[in-house]
Each structure stands twice: as structure tokens, then as C-alpha cells.
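A.B. asks: Let me begin by handing over the structure; questions about it come next.
The values are calculated or read from the model by the stated rules, or taken from the named source; none is laboratory data. For clarity, every value in this text was computed on a predicted model and none was experimentally measured. Heads up, the Cβs are rebuilt from the backbone with ideal geometry, glycines too, and the neighbour counts pull from every protein chain shown.
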Amino acid sequence: MPAPRPLDEVQVRTSFARFRVASIVEGIALLVLVCIMVMRYVVFGGDAWLTSTSHTWEQISSVWSPIHGLIYMVYVILAFDLWLKMRWGLPRMLLLMFFGVIPVLSFFGERWTHGRVEDELRRRPTLQDEAEGPAAGAAGA
Amino acid sequence: MGPMLRVALRPRFLGLLALMVLATVVCGLLATWQWERAHRALSEDTSVAEELGPVQDVIGLADPVTNELVGGIVTASGSFDAERQILVGGRHIDGTDAVIVVTALEVTTSEGEQAILPVARGWVPAEQVTGADGELDPALAPAPPSGEVEISGRLEASEAATDGIFEGVASEIATPLLVNAWGDPMYAGYVAQTSAAEGLSPMPVAESAFQRGLDWQNIGYAAQWIVFGVFFLYLWGRTVRTAHLDELAAQREELERSLASAGEHPDQRPDPGVPADAAPTQEDADAGTPTPR
């Protein structure tokens, strides 16, 4: 294994800030989707599976589903951006994508990711360490 | 490409590739499913309310009611059999709990054979046919007209049976169940009567999600699944490339360090032919090694 490449702390922090917003927006959007699905299929559910008796809720669902899909795609793109900047392995990217599809999980996923980012910025070499010189980097760690 | 391919063929990356291919295949299947749904919507959309003529000319006894035929208006003449009539409950029409009355119409096929055509004559509010015990009672349903009648209505495919027919009550208008209760020969579909029937409200259009023009939405979803599928493969390629470039950069730094130390101690220089000063800066820029800003 070669020595890990240094991270760019400034870029990482910018990407994380975007990812954090996306996590929260996606989390809320997914909760809204779950509420709509419950109204459509459970509260106004038909006798058969996946049928509904409420035209209104079917309409609302058909409007929100694509919007949520778009929000999730933006979330994936911003997660991908953070993943690149953190130079993480492939499984970590799959994990970030997974955080976005389970209701409520993206809020916890965002906190967990924040922890990982802060921890790794402390432990792994960054460009800023090198700029400040080895002494400053060591003092910061 | 050679060295990068060697990185790609490592067990770890091959394992990840298998995972990514699996994810892509799943996405492909989901895309196909959405694509088919979109097309089903299209084929059903164009077939609504076409005048098809007498039912005998539209389908034979053994023929299925295809998507092209569903929703088309057919006519049928024959006589209703009051003894062969069932109630199909659990429906919601215009905000009321509704029960559909399905009666056997005895018709003569184009071959001159006697056959049964199930006809959903219309619906009544559930309370109208609910007996004192709270159960649906077929005896309370409006009786069909006697003698030779002519009706018209939409040709519909049989609903999928989930349960049986118990004491004249069923949950679906399913010909596989009706043929057991009423005998054969019987047509494979049924007619939802639109011409007036005494004591009954006319059947609404059998509305399915597919008839509501969801086609573009489904095509959009199919495209979305394809994008996700490609994205998984791209992630893998990107991971292999990063690993490869990192190793190259590490090798260069290693070389730089050895060259630099060789420059400080000219006696220990490993290769006297390499200019110690020029090479590292060039390598530095190529490797994308960070320079302090």
C-alpha cells in the first residue's frame, strides 16, 4: 500500500457543507414521500395491494415522486463530490448512497459522515499541513 | 492502460466489479420493468371506447381479451339467467361502498353454439344488498330482465381471482371462478354494461393506473434506472483509476526522495546518468503533487 495522498482541507470542508445541506433536504423530502405513500396506500388504500381510493393523494404522489427522485440525484452527486475529495474507497460511496434511501437514516448518516470527515482531517495529511510546515502540522495533530 | 488493467484485475477490485455489475443488472431490470409499464400504458390508452360491434364478431370462445380489445364497446343479445347471478363487493365508486351485480347472459356464438357471457350489469350501494346479518345477500339484488334482451357495454378482461365464490358473493369478476359456478362454454372476458339497467347504476370506466397516461413518467423512471446503472460502473472505474494514480504518484515521490538524497550525497547516487536537479520538478508537476499556495 502506498502512503495515503494528502487531502485538501478547504475543498473537503466546502464539499461537506454542500453534502450536509443535501442530506437534510433529502431526509425531509423522503419523510414527505413516506407520509404521502401512507396516505395513498394505507389511509386511503384499496382492498388490493398497491391500490388507492383517493384520487387526490394519487395526484399528490405523482407530483412529489419525481421531485423527490431529482432531490435524491442531487444528493448522490454531492455525496460523490465529497467522496472524491475524501479519497474514500468504493464501499463508502455505496454507504453514502444507502443513507439517502432509508427514511430518517440520512440525518444520522450526515452526523456519522461529519465525524468521519473531522477525524480523518485530523489524522490524515492535508495540503494545509504542508503549507504550514511540518512543525505546524504536527502541533495541530 | 497496461498497468491500470493490472490494478483492475486485483481480487479486491474484481470483487467490487462483481458487486457493481450486480447493481447495474438490477437497475437494468428495473429500467425494463418501467419501460414495459410505459408501453402498456400506451397500448391501453389508444384502445378506449372504440365501437367493436357484436361480441361474437370480436372474440371467439377460446380467445383472450387482449389489450387492444379492452375498453372497446361491444353489443350482445341473448337472455339473462336470473339463477346465475353473483354479487361482487368491496368496490368504491363515486365515494360509496359499491357492489357490482354480475349476471350470466346466454348468447349464441358465431358457430351457433350456446355460450355464457358474464355481464356486469351495474352497481348498487352496498347497504341496499346487505342483509340483516350484515352479509351481502344475492337475493336482495335487482333481478335481470327476462326474455330476449340486447345490451351494450365495454369489453373487459377477467380480473385476477384471489378468492372463490361463496353463496353468490365474490371479490372479483373472474371468469375462471364463474366458469366453475355457471358451467361452460364461457367467454374469457366480461362486458361492463353501459346501456341502462333497471335498478342499477351504470358501470364506471374500469380505471387502472395505466390508462391515465403515466407513460412519460415511466419512461423517465426507466431512464433514471439506466443512469444509476451506468453510475455504478463509473464509480468502479473511478476507484481503479484513483488507486492506479495514487500508486504512480507514490512511486514518483519515492524516486524523487532517492534522487534528492543522491544529490546531497553524490557518492551514493544510484544512477549517475540521471540529472538530479531537473527530474524531480518535472515529475512533481505530472504527478499533481501539491505545491503550497
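A.B. asks: I need the full set of residues from the stretch B:165-186 which are surrounded by 13 or more Cβ atoms within 10 Å (Cβ to Cβ) and among the small types (Gly, Ala, Ser), in order please.
C.D. replies: Of everything in the stretch B:165-186, those that are surrounded by 13 or more Cβ atoms within 10 Å (Cβ to Cβ) and among the small types (Gly, Ala, Ser) turn out to be B:GLY168, B:ALA170, B:SER171, B:ALA174, B:ALA181.
A.B. asks: Follow-up question, since we're still on this one. Check B:ARG91 against each of (1) more than 29 Å from the chain's Cα centre (by Cα); (2) touching a residue at least 24 places away in the same chain (Cβ under 8 Å) and name the one condition it does not meet.
C.D. replies: For B:ARG91, the failing item is (1).
A.B. asks: Additional query: With the requirement that a residue be buried (at least 20 other Cβ atoms within 10 Å of the Cβ) and more than 21 Å from B:SER146 (Cα to Cα), what does the stretch B:92-124 give you?
C.D. replies: B:ALA98, B:VAL99
A.B. asks: From (1) part of a loop (DSSP other than H, G, I, E, B); (2) within 30 Å of B:ASN67 (Cα to Cα); (3) out of contact with any helix residue (DSSP H, G or I) (no Cβ under 9 Å at 6 or more places or on another chain), pick out the condition that doesn't hold for B:SER110.
C.D. replies: Failing condition for B:SER110: (3).
A.B. asks: Also, I was wondering about something else. What number of residues within the stretch A:34-89 satisfy the criterion of being closer than 30 Å to A:GLN11 by Cα and part of a loop (DSSP other than H, G, I, E, B)?
C.D. replies: So the count comes out to 3.
A.B. asks: Continuing with the same structure: Count, please, the residues in the stretch B:133-160 that happen to be crowded, with 17+ Cβ neighbours inside 10 Å, among the hydrophobic types (A, V, I, L, M, F, W, C) and under 22 Å from B:LEU61 (Cβ atoms).
C.D. replies: Residues flagged as crowded, with 17+ Cβ neighbours inside 10 Å, among the hydrophobic types (A, V, I, L, M, F, W, C) and under 22 Å from B:LEU61 (Cβ atoms) within the stretch B:133-160 amount to 3.
A.B. asks: Turning to a different aspect of this structure: So A:ARG92 passes all but one of these: (1) part of a helix (DSSP H, G or I); (2) within 12 Å of chain B (Cβ to nearest Cβ); (3) within 24 Å of B:GLY220 (Cβ to Cβ); (4) of a type outside the set (Ser, Thr, Tyr). Which condition number does it fail?
C.D. replies: It fails just one condition, (3).
A.B. asks: Exactly one of these conditions fails for B:ASP184: (1) under 23 Å from the mean Cα position of the chain (by Cα); (2) modelled with pLDDT under 85. Give me its number.
C.D. replies: (1)
A.B. asks: Looking at B:GLY122, B:GLY134, can you tell me which residue is assigned to a strand (DSSP E or B) and at positive phi?
C.D. replies: B:GLY122
A.B. asks: I'd like the residue in the stretch A:107-124 that is acidic (Asp, Glu) and surrounded by 14 or more Cβ atoms within 10 Å (Cβ to Cβ) and, out of all such residues, is nearest to the chain's Cα centre (by Cα).
C.D. replies: A:GLU110
A.B. asks: Moving to a separate point now. Identify, by number, the condition in (1) touching a Pro at 6+ places or on another chain (Cβ under 6 Å); (2) of a type in the set (Val, Ile, Thr); (3) assigned to a loop (DSSP other than H, G, I, E, B) that B:THR75 doesn't meet.
C.D. replies: (3)
A.B. asks: Quick check: is even one residue across the stretch A:2-9 modelled with pLDDT under 95 and part of a helix (DSSP H, G or I)?
C.D. replies: yes
A.B. asks: Just for the stretch A:25-60: of the residues that are modelled with pLDDT of 80 or more and hydroxyl-bearing (Ser, Thr, Tyr), which one is nearest to B:GLY95 (Cα to Cα)?
C.D. replies: Filtering first and then ranking leaves A:THR56.
A.B. asks: Could you identify the single residue in A:ILE71, A:ILE60, A:ILE24, A:ILE77 that is touching a residue at least 24 places away in the same chain (Cβ under 8 Å) and within 13 Å of chain B (Cβ to nearest Cβ)?
C.D. replies: Only one candidate qualifies: A:ILE71.
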